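Here is the structure we will look at, set down as structure tokens.
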Amino acid sequence: MTGTMGAPSRRGILGLATGGGVLMLGLRPAAATPAGMEAAVRAFAEGAPIRPGRVTIDIPVLVENGNAVPTTVTVESPMTAADHVRTIALFNERNPLPDIVHFHLGPRSGRAKVATRIRLGDSQTITAVARMSDGSFWSATADLIVTLPACIEG
Amino acid sequence: MARALVNVPSTARKGEVIEIRALVQHPMETGFRPKGDGTMVPRDIIARFECVYDGETVFAADLHPAISANPFLSFTTVATASGEVLLRWTDDKGRVQEERATITVTG
């Protein structure tokens, strides 16, 4: 890292600068990670297998304002007393926390279709997981690009 | 708490699936926003929403800080009987807001 005379070399200073950058990144507020989202999804499913399908996420692919992203989740289900959607959960990868919302439905919902507006701190993948009355779990993901992220102020 | 906008159809046929939309005024403070002095603005969000209709909670939601300010929710329910549709929001400070709408079910 230092030259023969003990003076710091150009490469050494560049290395320090990179290290400093990493340190600054580390000082930002804790953010959820793809691994953090995986953990949250697994905790929601309580270890049961999650199959892709039956769930549809309707969300813009290119988001202009991450403070309010209109999101609709639909699940294919007859919504009868014997076969209905119990819970729909939404998860994100890069906000400070992986959970977004949990919707609790039942046979009196009639249709498994819910909508809300969410905050997104960065371009990322959104996951929706539905828990059915028979204990099975189904999921869908959506990739999107956020041009103006939420939580940018301050 | 604040102003709320609720959209419940005033009439429906029995067995029809109706859509209910609800918007309430609330800052939904995430707890991750820094104040000028370096500390964070304390978290204050609506954590729970419920819809009670015909003697049962037909829809509920657990909200997290990733829900936008002035949270909007849209969901469906089956029109079973004439009566009151109660929408209830509860926030972190324990404040409760209730809105009521009346629906007339025919047939």
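The values are calculated or read from the model by the stated rules, or taken from the named source; none is laboratory data. Since this is a predicted model, take the numbers as computed values, not measurements. Here Cβ is always computed from backbone atoms with ideal geometry, including for glycine, and neighbour counts include all displayed protein chains.
Data overview
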{"item": "Residue check for A:Arg108: within 7 Å of chain B (Cβ to nearest Cβ), over 17 Å from the mean Cα position of the chain (by Cα) and not in a loop (DSSP other than H, G, I, E, B)", "result": "yes"}
{"item": "Residue, surrounded by the most Cβ atoms within 10 Å (Cβ to Cβ), within the range B:1-44, restricted to residues that are more than 12 Å from every other protein chain (Cβ to nearest Cβ) and among the hydroxyl-bearing types (Ser, Thr, Tyr)", "result": "B:Thr11"}
{"item": "Qualifying positions in the range A:105-127 - surrounded by 19 or more Cβ atoms within 10 Å (Cβ to Cβ) and closer than 20 Å to B:Ala47 by Cβ", "result": "A:Leu105, A:Val114, A:Thr116, A:Ile118, A:Arg119, A:Leu120, A:Gly121"}
{"item": "Some residue of the range B:48-61 being touching a strand residue (DSSP E or B) at 6+ places or on another chain (Cβ under 7 Å), within 14 Å of chain A (Cβ to nearest Cβ) and at pLDDT below 95", "result": "yes"}
{"item": "The lone exception for B:Arg95 - which of (1) among the basic types (Lys, Arg); (2) surrounded by 14 or more Cβ atoms within 10 Å (Cβ to Cβ); (3) touching a residue at least 24 places away in the same chain (Cβ under 8 Å) it fails", "result": "(2)"}
{"item": "Members of the range B:62-84 that are assigned to a strand (DSSP E or B) and more than 12 Å from every other protein chain (Cβ to nearest Cβ)", "result": "B:Gly83, B:Glu84"}
{"item": "Filtered residue count, the range A:111-123, keeping only those that are outside any strand (DSSP E or B), of a type outside the set (Gly, Ala, Ser) and touching a Ser or Thr at 6+ places or on another chain (Cβ under 6 Å)", "result": "2"}
{"item": "Filtered residues of the range A:55-75 (kept if over 16 Å from the mean Cα position of the chain (by Cα) and either closer than 14 Å to A:Ile145 by Cα or modelled with pLDDT under 95 (or both))", "result": "A:Glu64, A:Asn65"}
